[in-house]
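> One structure is given below, represented as structure tokens, and several questions about it will come after.
Please treat every number below as a calculation from the coordinates, not as lab data. Because the structure is a prediction, the values reported are computed rather than measured. With ideal geometry, Cβ positions are generated from the backbone for all residues, glycine too; neighbour counts draw on all protein chains shown.
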Amino acid sequence: MKLPAFRLALEAALHQHFPGIRLAVTESRGIALTCRAAITAEVLLAVYFNALTGNTSYALVRQGRRIAGYDNQRFWHAHSLGAADQHMPCDALTPEEAVAGLAAMNAGC
């Protein structure tokens, strides 16, 4: 996926699943994107995407610690609530799927 398409899909998913969210998005050389989305004062969603390598990560962070997420470091996998240090294989995720999954996890904690 190209960076502009990823950014549009990510921003749409974030606004749909977290209405009123505050976003800070940074792009580097039209290749990489980092996003910090403040859900509450204690919880944020951090996203990284590199259009050249395809590296993608989504992390639900509470008080500075990842509590859940998805990424494709070596292979696509999930970090579930209560087991954020575990790597549970999963299919590749679109921004919509990843944000929806993290929104559900956030609602459950």
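> Asn50 to Ala83: FRET efficiency via 1/(1 + (r/R0)^6), r the Cβ-Cβ distance, R0 35 Å, to the nearest 0.05?
That pair, Asn50 with Ala83, gives E of 0.85.
> Would you work out the relative contact order for the chain, in percent, from Cα pairs under 8 angstrom that are 6 or more residues apart?
In percent, rounded to a whole number, it is 19.
> Rounded to the nearest 0.05, what FRET efficiency do Arg29 and Arg62 have when you use their Cβ-Cβ distance and R0 = 30 Å?
The value I calculate is 0.45.
> Explain nothing, just the number: dipole magnitude of the chain about its Cα centre with +1 on each Lys and Arg Cβ and -1 on each Asp and Glu Cβ, in debye rounded to the nearest 20.
The calculation lands at about 280 debye.
> Still on this model: Run the numbers for Phe75 and Cys90: contour at 0.36 nm per residue of separation, minus the present Cα-Cα distance, in nm.
4.6 nm
> Would you mind counting up the charge near Leu52? Only other residues with Cβ under 11 Å from its Cβ, with Lys and Arg at +1 and Asp and Glu at -1.
Every neighbour counted, the sum reads +2.
> Loop only per DSSP, at most 12 neighbouring Cβ atoms within 10 Å: give me the trypsin sites (Lys or Arg not before Pro) in region 56-109, ordered by residue number.
Those satisfying the criteria are Arg74.
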